[in-house]
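Structure below; questions to follow.
Computed from the coordinates by the stated procedures, all read-outs in this text should not be read as laboratory data. Just so we're clear, the structure is a prediction, and the values are computed from it rather than from any experiment. We place every Cβ from the backbone using ideal geometry, glycine too, and count neighbours over all the protein chains shown.
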């Protein structure tokens with residue numbers, strides 16, 4: 001369907017002699033049918049033909065303006081064809097209401113996530129169980145994946161349900177060597193039907209974007225209080241695989257600041273702040289020693305104890321869904337996934353254990 005008639009559009013382009021309309025935002029809405037595409041092309045080509053005939057009837061000395069206008073018309077045709085073939089007014093990406101509720105995404109903060117989501121729309125069906133990957137939200141080291149699950153009638157899904165033997169793998173250049181992940185059924189307000197929603201939460205020590213993710217689920221179980229254990233509802237294995245491709249909206253700070261832990265000096269190389277997480281990259285020979293023979297102590301080796309915003313607000317681990325760390329050789333990576341979206345430009349500093357790492361001005 002057209003928002004403007006093609007004649008009006010071409011006249012507008014002629015009058016303004018500008019390419020500002022080429023983004024299509026004022027031209028098309030909805031998805032064009034093949035018949036509409038052909039009609040637009042014929043109208044545009046007819047107008048160009050008329051312009052050329054008029055130009056050829058003019059003396060040579062006064063053809064300059066017409067020639068310029070004809071070029072704009074030709075460009076307009078090319079633009080219209082691009083719009084038509086790529087469905088310019090294709091569906092605008094929207095966050096699934098379940099992810100929006102989980103991370104409190106709204107009109108005021110959704111711009112922070114521009115480009116950072118994708119809809120895989122891949123699914124697997126086996127033994128009457130269908131699992132579909134609906135939407136992802138990620139940065140370089142963290143990702144959320146929303147799944148919809150449908151099981152045979154007579155089986156109910158709820159917070160007490162789970163799949164056994166969850167395995168997540170990545171393939172591609174420089175695969176992660178350390179990950180932490182969980183996948184749980186969300187409370188959808190109804191535990192009496194055969195449909196459910198799961199959310200996978202994952203953090204990794206290397207970049208996962210633009211890699212192929214493979215998620216494998218084992219037997220479908222539910223917890224039986226009378227037995228004090230999980231009981232199999234549907235045996236089987238379900239595997240989904242797709243290419244991740246989204247925009248990482250992180251700000252990277254190369255800090256190169258020393259940090260003392262257990263009397264040893266390590267280097268905080270980089271801090272990445274994204275709307276959904278804080279990722280800290282640290283290096284030092286001490287990590288090899290620690291990984292080989294961990295000292296006898298309780299708690300985390302290094303933790304993000306505070307995130308300070310420029311307005312003075314201080315976020316603590318209580319403001320996070322969870323955190324994790326990974327050691328690989330002399331590399332140590334910290335990840336903290338936040339309960340609410342961060343405005344990456346408003347972060348002043350982070351605190352590792354008791355050491356403040358200033359980010360503003362870096």
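With an 8 Å Cα cut-off and a minimum separation of 6 or more residues, compute the relative contact order for segment 214-362 in percent. Display every interim value, and only then the final one.
Working: 275 pairs, mean separation 29.5, N = 149.
Result for segment 214-362 is 20 percent.
For the pair residue 241 and residue 169, how long in nm is the line joining their label points, each one 7 Å along Cα→Cβ?
0.8
Then there is this: If you take the square roots of the eigenvalues of the alpha-carbon gyration tensor of segment 318-362 and sort them as a ≥ b ≥ c, do you get rounded (a/c under 1.5), prolate (a/b over b/c) or oblate?
Values: a/c = 1.99, a/b = 1.23, b/c = 1.62.
Verdict is oblate for segment 318-362.
With the Cα gyration tensor of segment 251-358 giving a ≥ b ≥ c as the square roots of its eigenvalues, does the rule (a/c under 1.5 for rounded; else a/b larger than b/c for prolate; else oblate) give rounded, prolate or oblate?
Values: a/c = 1.96, a/b = 1.69, b/c = 1.16.
Prolate is the answer for segment 251-358, as a/c is 1.5 or above and a/b outweighs b/c.
Distance from the Cα centre of segment 262-304 to that of segment 194-216, in angstrom?
24
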